[in-house]
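Take a look at the structure below.
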Ligand code: NAD
């Protein structure tokens, strides 16, 4: 029997939860948040870690570490994705859970925040292995998840396929048919139209709203997108549809630049036929993956990983606007450099809130048993995102602070009410 051990964040790595606390402290100071409320929000409500022994195709058992953190239920049942990646660990899941609380509050959704994950490399497992691991995780989390309790969704390394397996296993174990217990499902099993593209759509809506404030015409603007998975590919496609010229794209396998503009439909087609890898794409010049973020553009969309905009590269970023499709792409120390360079950064908790917004719509449709058409979903999404953007923009002016801290202030203002109104023992 081979065993996979749990990874803890290494000493040299930036603790993501510390990054959350640093921003929370800073926003709390600016808005004069009650120290008791800050204390409550600095401590996640529930942290669950499970070991999942699963039979591999080889006939050998491997043990996978699974996590779920519920950060807050002050504004409603907790909501947050499930990530499959090798660097999943307790610290990361805790940080992502807290961000979900802030994100739902910024988007004005009746949800708290949670996150889960399994430490594995999805590319190294067969579909059968992934199905058994996902089902084992659903059983292990059956007392955590619940349609009015904790509602997962896809994240990095997972998609509607995993959500359908988890839904099925959860329902078999509880004996109920409760489609709303998980969102981001395929449409055939209760998913919402528009959910797949929703996070990229939110990136597009936020980008257009910011460009308007900056008096920039989208048709004269260029963009670079890092990450070409769910968020990055839909964001690139939708930005291109709005007339923005996408000059750079990249993923884990390669990065490409083309000052004349990349044909995004061709890139999406290429990736679909190339096992989700951009490597080999001929629609641009291949550049060093690490150079992509610093290449010439007006708008930069990091939509892959956390901690990619750092002290080392922030000073070399040429974009005027950063729209964070990924969660936590900017380390806290880099914020000061971006602010000094007057680069406007639309933070993750606002920029990528489109996904959870349409997840909320999916949950509402599941509860009602009545389904909306795609135009309806998109229109409601755009409306909610525009309101969220405006609220954060106004707070950035009111408190004379960055969009990131303004988003935290917007979220904490709502969460403070939830914490105070629900009270303590
Ligand atoms: P995904 O797995 O579909 O895609 C991830 C992309 O990142 C892939 O193209 C992959 O090749 C690329 N990537 C991985 N390592 C890289 C590297 N070292 N350099 C460059 N690219 C690399 O994941 P996703 O769902 O698109 O999520 C991306 C980010 O967006 C994550 O931070 C996730 O938490 C966040 N997010 C996702 C959603 C959602 O609805 N999917 C919602 C909110 C936030």
Checklist outcome for this item: How many residues of region 161-186 are assigned to a helix (DSSP H, G or I) and in contact with a helix residue (DSSP H, G or I) (Cβ under 7 Å, 6 or more places away or on another chain)? The answer is 11
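Count, please, the residues in region 360-397 that happen to be more than 17 Å from residue 198 (Cα to Cα) and either within 16 Å of the ligand (Cβ to nearest atom) or without any contact (Cβ under 8 Å) to a residue 60 or more places away in the chain (or both).
To start, the set of residues in region 360-397 that are more than 17 Å from residue 198 (Cα to Cα) comprises 366-370, 390-397.
Next cut, either within 16 Å of the ligand (Cβ to nearest atom) or without any contact (Cβ under 8 Å) to a residue 60 or more places away in the chain (or both) only: 368-370, 394-397.
Result for region 360-397: 7.
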Item to check | Among residues of region 280-306, those that are crowded, with 19+ Cβ neighbours inside 10 Å and either outside the structural domain of residue 254 (by TED's automatic domain parsing) or within 23 Å of residue 83 (Cα to Cα) (or both), counted | outcome: 5
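Anything in region 75-96 that is assigned to a strand (DSSP E or B) and either within 15 Å of the ligand (Cβ to nearest atom) or at pLDDT below 95 (or both)? List them, or say none. Break it down stepwise before answering.
Of region 75-96, the ones assigned to a strand (DSSP E or B) are 78-85.
Answer for region 75-96, where residues must be assigned to a strand (DSSP E or B) and either within 15 Å of the ligand (Cβ to nearest atom) or at pLDDT below 95 (or both): 79, 80, 81, 82, 83, 84, 85.
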Item to check | Selection within region 110-122 - surrounded by fewer than 23 Cβ atoms within 10 Å (Cβ to Cβ), in contact (Cβ under 8 Å) with a residue 40 or more places away in the chain and outside any strand (DSSP E or B) | outcome: 110
Checklist entry - Do any residues in region 4-29 that are in the same structural domain as residue 125 (by TED's automatic domain parsing) have Cβ atoms under 9 Å from those of residues that are modelled with pLDDT under 85 and surrounded by 16 or more Cβ atoms within 10 Å (Cβ to Cβ), where the two are at least six apart or on different chains, and which pairs are they? => result none
Checklist entry - In region 53-74, is there at least one residue being modelled with pLDDT under 95 and not assigned by TED's automatic domain parsing to the domain that holds residue 206? => result no
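So that you can scan it fast, the table gives a plain yes or no per residue for (1) in contact with a helix residue (DSSP H, G or I) (Cβ under 6 Å, 6 or more places away or on another chain); (2) on the phi > 0 side of the Ramachandran plot; (3) crowded, with 24+ Cβ neighbours inside 10 Å:
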| residue | (1), (2), (3) |
| --- | --- |
| 340 | no, no, no |
| 352 | yes, no, yes |
| 392 | yes, no, yes |
| 407 | yes, no, yes |
| 414 | yes, no, no |
| 417 | no, no, no |
Checklist entry - Within the set of pairs 6+ apart or on separate chains, which have a first residue in region 212-237 that is at positive phi and touching a residue at least 60 places away in the same chain (Cβ under 8 Å), a second that is in a loop (DSSP other than H, G, I, E, B) and within 8 Å of the ligand (Cβ to nearest atom), and C-beta atoms under 6 Å apart? => result 227/303; 227/304
Next on the checklist: If I filter region 187-210 for residues that are touching a strand residue (DSSP E or B) at 6+ places or on another chain (Cβ under 9 Å), modelled with pLDDT of 95 or more, outside any helix (DSSP H, G or I) and within 15 Å of the ligand (Cβ to nearest atom), do I get at least one hit?
Outcome noted: no
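From 250, 243, grab the single residue that is surrounded by fewer than 20 Cβ atoms within 10 Å (Cβ to Cβ) and at pLDDT 95 or above.
Just a single option satisfies the conditions, and that option is 243.
Confirm whether residue 357 is part of a helix (DSSP H, G or I), away from the ligand (no atom under 16 Å from the Cβ) and surrounded by 24 or more Cβ atoms within 10 Å (Cβ to Cβ).
Details: part of a helix (DSSP H, G or I): yes; away from the ligand (no atom under 16 Å from the Cβ): no; surrounded by 24 or more Cβ atoms within 10 Å (Cβ to Cβ): yes.
When the stated conditions are applied, residue 357 does not pass them.
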Item to check | Leading residue by the ranking (nearest to the ligand (Cβ to nearest atom)) among those in region 135-160 that are surrounded by fewer than 24 Cβ atoms within 10 Å (Cβ to Cβ) and assigned to a helix (DSSP H, G or I) | outcome: 160
Checklist entry - Given the conditions (1) within 16 Å of the ligand (Cβ to nearest atom); (2) within 18 Å of the chain's Cα centre (by Cα), which single one is not true for residue 70? => result (1)
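Which of the residues belonging to region 339-354 are in contact with a strand residue (DSSP E or B) (Cβ under 7 Å, 6 or more places away or on another chain), touching a residue at least 60 places away in the same chain (Cβ under 8 Å) and more than 10 Å from the ligand (Cβ to nearest atom)? Don't jump to the end; show me each part of the working.
In the first step, residues of region 339-354 are kept if they are in contact with a strand residue (DSSP E or B) (Cβ under 7 Å, 6 or more places away or on another chain); the result is 343-346, 351.
From the residues that got through so far, the ones that are touching a residue at least 60 places away in the same chain (Cβ under 8 Å) too are 344, 346, 351.
344, 346, listed by residue number.
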Checklist entry - Just one of the numbered conditions (1) at pLDDT 95 or above; (2) assigned to a helix (DSSP H, G or I) is not true of residue 333; which one? => result (1)
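The values are calculated or read from the model by the stated rules, or taken from the named source; none is laboratory data. Predicted, not measured: the structure shown is a model, and the values here were computed from it. Here the Cβ is made from the backbone with ideal geometry for all residues, glycine too, and neighbour counts use every protein chain on show.
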